[in-house]
Amino acid sequence: MSEKKRPLLEELKKGPWPSFVKEMEKSAHNSKTAELLDLLERSYEDKTGHWKHGGIVGVTGYGGGVIGRYTDLPEEFPEVREFHTMRVNQPSGWYYTSDALRTLCDIWEKHGSGLTNMHGATGDAILLGTTTEHLQPCFNDLSEAGFDLGGSGSNMRTPSCCAGPARCQNACIDTLDLCHNLTNTFQDYLHRPSFPYKFKIKISGCANDCVASIARADLSIIGTWRDAIRIDQEAVKEYAAQGYDIQGLVVDKCPSQACTYNAEIQEFTVDNPNCVRCMHCINKMPKALRIGKETGATILIGGKATIVQSAFLSWVIVPFMKLEKEDDYAELKDLIERIWEWWDENGKVRERVGELIYRKGMREFLKAVGLPPVPQMVKHPRANPYFFWWPDEIISSASGDAEAEAAAGAEVEK
Amino acid sequence: MAEFTNEELRAKILEYLNKVDKAKNKDIATAIGAVKRDVDKVINELAKEDILEFLYLGTSYVRIKGKE
């Protein structure tokens, strides 16, 4: 179809920025893609989208990985009557060989539109546009080439992780191994939906959180350390010699005021017990400062975008967990299964685990999964959102206690 | 919560799903009085055997394959 017939899309080709219309037009020799552009033009004309999703599309034995997409104008746009999305489970850290990508693209040109917008929010390689008839053959070819589908629907979504120790000196944990391990361990939860709603796991090697796990994951695993930041004082002196404003850019910006710098002797120190491991000083002086040696991860729960409740950031539930490869991450997996069990038992349909905690209370959650309340769980600074004590744990039979309670109450009322 | 053998559980799940259009695993477990985790396991087996299928209508459900 001539470009002249899509005047509204033409507008989206103007300007200095890359244009998705231009990219899609490169694939417009494919009749599906050409009609996809026509449908988009029509959507702009009508000021409404012409897509619907859902229904029953999938491959044998799987309940996730395929998202059924249909146009609501099938008679006018028969080529995109069915235009399903397939999610392909990405390798840890998104490390592909160019050969693997060629294979993936060849399979998609054979069975689909050839369009992709890799990668999606959960990290999968997203293949856009195929028919129901092609789903199983496409899946078979993907499997033959060593790929698997990712998650969709009410299941564990494809776990994702940052570049990790393969590319980054700040990786406190082997994010790549952990992501691969969890993906393999929880295959059934990934492919066959049995939860109230989706559950995302994202793994970052440090608090820079390059996969934004704190905002996007129901379970955030963020690398950290519990000993001291390693300081190379000679490198500190080099920063100073180059005129770097250590006081202004590093010390004064430390959120917990744990850094000090003595300009006279050009010495940098960290008050490690009061350091919150935010990575700021390490990011600013990477040649002089390094993460500690005793590394592990902080486990957080409940991050999500707005659906039932507003958007949540994840909330610390385990300040430090030593993630042990040697025992196959048993402590973490055991915790995940306890969380799922409680959520599954108590969650309403389409209720994320963070929303369930919001509804039932963190106290209920902690008791159910067997985690002790600790100060690091505070929701945000200067707020303590739950009580540590259960009523049956409080003994107040002695009159002295009662008097003390009354006095305490009076004190609070002041 | 009753304890069932794998075969009994398969039969009960299929019996229940034959009575309804679709269901979530949790509702099946409640209806037949079985442990949810055991129900999940059997449903997964039945899906792999192509006896059950999943559908997504705002959330995920399971049903007998091809049942309208």
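The values are calculated or read from the model by the stated rules, or taken from the named source; none is laboratory data. Since this is a predicted model, take the numbers as computed values, not measurements. Counting neighbours? That spans all protein chains shown, and the Cβs are built from the backbone with ideal geometry, glycine included. All accessible areas refer to the heavy atoms of the entire protein, side chains included, with ligands and DNA or RNA removed. Shrake-Rupley method; radii C 1.70, N 1.55, O 1.52, S 1.80 Å.
Going through (1) open to solvent by 20 Å² or more (accessible area, probe 1.4 Å); (2) in contact with a strand residue (DSSP E or B) (Cβ under 8 Å, 6 or more places away or on another chain) one by one, residue A:225 falls short only on (1). Annotation: of all residues in the range A:173-210 being within 14 Å of chain B (Cβ to nearest Cβ) and part of a loop (DSSP other than H, G, I, E, B), the one that is nearest to residue A:321 (Cα to Cα) is A:186. Close contacts from the range A:242-266, counting a first residue that is farther than 11 Å from residue A:280 by Cβ and open to solvent by 20 Å² or more (accessible area, probe 1.4 Å) and a second that is aliphatic (A, V, I, L, M) and assigned to a helix (DSSP H, G or I), with Cβ to Cβ under 6 Å and a gap of 6+ residues or different chains, come to A:261/A:246; A:261/A:251; A:266/A:240. Every condition in (1) more than 9 Å from chain A (Cβ to nearest Cβ); (2) more than 10 Å from the chain's Cα centre (by Cα); (3) buried (at least 17 other Cβ atoms within 10 Å of the Cβ); (4) among the hydrophobic types (A, V, I, L, M, F, W, C) is met by residue B:42 except one, and the failing one is (2).
Identify, please: which residue in the range A:110-139 is part of a helix (DSSP H, G or I) and without any contact (Cβ under 8 Å) to a residue 24 or more places away in the chain and is, among those, farthest from residue A:203 (Cα to Cα)? Across the range A:110-139, the extreme among qualifying residues is A:133.
Note on the range A:111-152: among residues that are within 14 Å of chain B (Cβ to nearest Cβ) and within 16 Å of the chain's Cα centre (by Cα), the one that is nearest to residue A:36 (Cα to Cα) is A:152. Checked against (1) more than 14 Å from every other protein chain (Cβ to nearest Cβ); (2) free of Cβ contacts under 8 Å to residues at least 24 places away in the same chain; (3) open to solvent by 60 Å² or more (accessible area, probe 1.4 Å), residue A:45 meets all criteria but (2). Checking each residue in the range A:347-369 for being surrounded by 17 or more Cβ atoms within 10 Å (Cβ to Cβ) and within 14 Å of chain B (Cβ to nearest Cβ) picks out A:347, A:351, A:352, A:355, A:356.
So which residues in the range B:14-30 are more than 7 Å from chain A (Cβ to nearest Cβ), touching a Lys or Arg at 6+ places or on another chain (Cβ under 9 Å) and not in a loop (DSSP other than H, G, I, E, B), if there are any at all? Within the range B:14-30, B:17, B:18, B:23, B:28, B:29, B:30 meet the criteria. Identify the residue in the range A:70-94 that is within 14 Å of another protein chain (Cβ to nearest Cβ) and without any contact (Cβ under 8 Å) to a residue 60 or more places away in the chain and, among all such residues, is least open to solvent (accessible area, probe 1.4 Å). Checked the range A:70-94; the qualifying residue least open to solvent (accessible area, probe 1.4 Å) is A:84. Within the range A:311-324, is even one residue among the acidic types (Asp, Glu) and modelled with pLDDT under 95? Within the range A:311-324 (the criterion being among the acidic types (Asp, Glu) and modelled with pLDDT under 95), the answer is yes, since at least one residue qualifies.
Going through the range A:143-153 one residue at a time, which ones are among the hydrophobic types (A, V, I, L, M, F, W, C) and within 15 Å of residue A:64 (Cα to Cα)?
A:147, A:149, listed by residue number.
Scanning the range B:47-62 for residues that are facing another protein chain (nearest Cβ under 7 Å) and assigned to a loop (DSSP other than H, G, I, E, B) returns B:50, B:57, B:58, B:59. Determine if the range A:334-346 includes at least one residue that is at pLDDT 95 or above, open to solvent by less than 30 Å² (accessible area, probe 1.4 Å) and part of a strand (DSSP E or B). Within the range A:334-346 (the criterion being at pLDDT 95 or above, open to solvent by less than 30 Å² (accessible area, probe 1.4 Å) and part of a strand (DSSP E or B)), the answer is no, since none of the residues qualifies.
Residue under question is residue A:192, and the condition is that it be more than 30 Å from residue A:280 (Cα to Cα) and within 12 Å of the chain's Cα centre (by Cα); does it hold?
No.
Tell me yes or no: at least one residue of the range A:46-56 is farther than 30 Å from residue B:64 by Cβ and of a type in the set (Ser, Thr, Tyr). Yes: one or more hits. Within the range A:336-353, residues that are in contact (Cβ under 8 Å) with a residue 24 or more places away in the chain and of a type in the set (Gly, Ala, Ser) have Cβ atoms under 9 Å from residues that are assigned to a loop (DSSP other than H, G, I, E, B) and open to solvent by less than 20 Å² (accessible area, probe 1.4 Å) in these pairs: A:347/A:195; A:347/A:196; A:347/A:197, counting only partners at least 6 apart in sequence or on another chain.
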